[in-house]
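A.B. asks: Below you will find the structure I want to go over with you.
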């Protein structure tokens, strides 16, 4: 992605919003304070990892508001520049 803050509209314009369920983004370049204002229509920021010591990098997952999920706590396994991950557990019903 190389910077979600200035490319969110570009990303959304290339997607079909009626088919959108989950968006996973890497290299989104946001810190904890910057990610909160990012709004993807009908979606919730489900999980994210922001680099702690370096700039840029990171991961995030947006989940459609109709999908039940819970965040998976895996940030303890992240290491800037080596492994930057985030995850959600989807609650699917049959």
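A.B. asks: Search the stretch 45-64 for residues being more than 8 Å from the chain's Cα centre (by Cα) and closer than 14 Å to residue 89 by Cα, and hand back the single one that is surrounded by the fewest Cβ atoms within 10 Å (Cβ to Cβ).
C.D. replies: Among those that are more than 8 Å from the chain's Cα centre (by Cα) and closer than 14 Å to residue 89 by Cα, it is 64.
A.B. asks: Please count how many residues of the stretch 48-69 are more than 16 Å from residue 27 (Cα to Cα) and in a strand (DSSP E or B).
C.D. replies: Number of matching residues: 3.
A.B. asks: Working only within the stretch 70-89, note down all residues that are touching a residue at least 24 places away in the same chain (Cβ under 8 Å) and assigned to a strand (DSSP E or B).
C.D. replies: Selection gives 71, 72, 87, 88.
A.B. asks: So, in the stretch 24-44, of the ones that are surrounded by fewer than 17 Cβ atoms within 10 Å (Cβ to Cβ) and under 16 Å from residue 89 (Cα atoms), which residue ends up modelled with the lowest pLDDT?
C.D. replies: Residue satisfying both the conditions and the ranking: 24.
The values are calculated or read from the model by the stated rules, or taken from the named source; none is laboratory data. Keep in mind the model is a prediction, meaning the values are calculated, not measured. Reconstructed Cβ throughout: ideal geometry from the backbone, glycine too, with neighbour counts over all protein chains shown.
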